[in-house]
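Here the structure is laid out as structure tokens; the discussion comes afterwards.
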Amino acid sequence: GDKDAFQLVDEDVKVLKPEGERFDPAKVEAKYGVPPGRLTDYFALVGDTSDNVPGAGGVGPVTAAKLLKKYDSLAAVLEAIDEKPADFAPRLLESLRAFKPRAGLTLSLVRLDDRVPFEGDIESFRVGGPDRERLVPLFQRLEFQKLLQDVLASGESSPASAAGASSSLSASAW
């Protein structure tokens, strides 16, 4: 999963990375130092070179997490630079002041739109099991012996297709 998807994580929504690692709110916070609900502010401060989003210059992950822990939101951080400038190191203060005029644009670039209208049957996206009736002949034709064995072993296949597959497997092995 793309790191932007971590913004959607809550008690009901988890992110499963391709390697099998599952991210719940606690794991997202352990990774970024802020809860999923603050990731938009975090990504805005840090920026994202892969998405060509400039952050606040000189603000890295550790500083962004510390600022958001202390002030709770990007809006509160930007408010504090005017109201409590002594709370900030001079370089950080200068960087945040330079960032402030483009903070809204940056936020809009990093925020996922979770209110996109959807028409259709959400159940049609549910992942089902493998279509063995289509996989067996395909794996036979392509001579994917190991995958064919796995498909036949992993589920119910009709006796006729299993017999046909094993005779085909024996013949194609020679």
Of K100, K31, the only residue that is over 18 Å from the mean Cα position of the chain (by Cα) and either in a helix (DSSP H, G or I) or at pLDDT 95 or above (or both) is K100
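Identify all residues within region 16-28 that are within 16 Å of A65 (Cβ to Cβ) and under 11 Å from the mean Cα position of the chain (by Cα); write none if there are none.
Residue satisfying the conditions is V28 alone.
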Within region 124-141, of all residues that are modelled with pLDDT under 85 and of a type in the set (G, A, S), the one nearest to L152 (Cα to Cα) is G129
If we keep only residues of region 12-28 that are assigned to a loop (DSSP other than H, G, I, E, B) and open to solvent by less than 70 Å² (accessible area, probe 1.4 Å), then the residue farthest from G55 (Cα to Cα) is G20
Checked A65, A80 against criteria (under 17 Å from L107 (Cα atoms) and surrounded by 12 or more Cβ atoms within 10 Å (Cβ to Cβ)); the one match is A65
- So is D41 open to solvent by 70 Å² or more (accessible area, probe 1.4 Å) and under 18 Å from S108 (Cβ atoms) or not? no
Q. Does G47 count as in contact (Cβ under 8 Å) with a residue 40 or more places away in the chain, surrounded by fewer than 15 Cβ atoms within 10 Å (Cβ to Cβ) and not charged (D, E, K, R)?
A. no
Selection over region 34-57 where residues are within 17 Å of D2 (Cα to Cα), part of a loop (DSSP other than H, G, I, E, B) and of a type in the set (G, A, S) yields a count of 1
Pairing a residue in region 83-101 that is within 15 Å of A64 (Cα to Cα) and touching a residue at least 60 places away in the same chain (Cβ under 8 Å) with any residue that is among the hydrophobic types (A, V, I, L, M, F, W, C) and open to solvent by less than 80 Å² (accessible area, probe 1.4 Å), where Cβ atoms lie under 9 Å and the two sit 6 or more apart in sequence or on different chains, gives none
Checked V59, V9 against criteria (open to solvent by less than 60 Å² (accessible area, probe 1.4 Å), over 19 Å from D113 (Cα atoms) and modelled with pLDDT of 95 or more); the one match is V59
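The values are calculated or read from the model by the stated rules, or taken from the named source; none is laboratory data. Worth saying up front: this structure is predicted, and the values here are computed from it rather than measured. Here Cβ is always computed from backbone atoms with ideal geometry, including for glycine, and neighbour counts include all displayed protein chains. All accessible areas refer to the heavy atoms of the entire protein, side chains included, with ligands and DNA or RNA removed. Shrake-Rupley method; radii C 1.70, N 1.55, O 1.52, S 1.80 Å.
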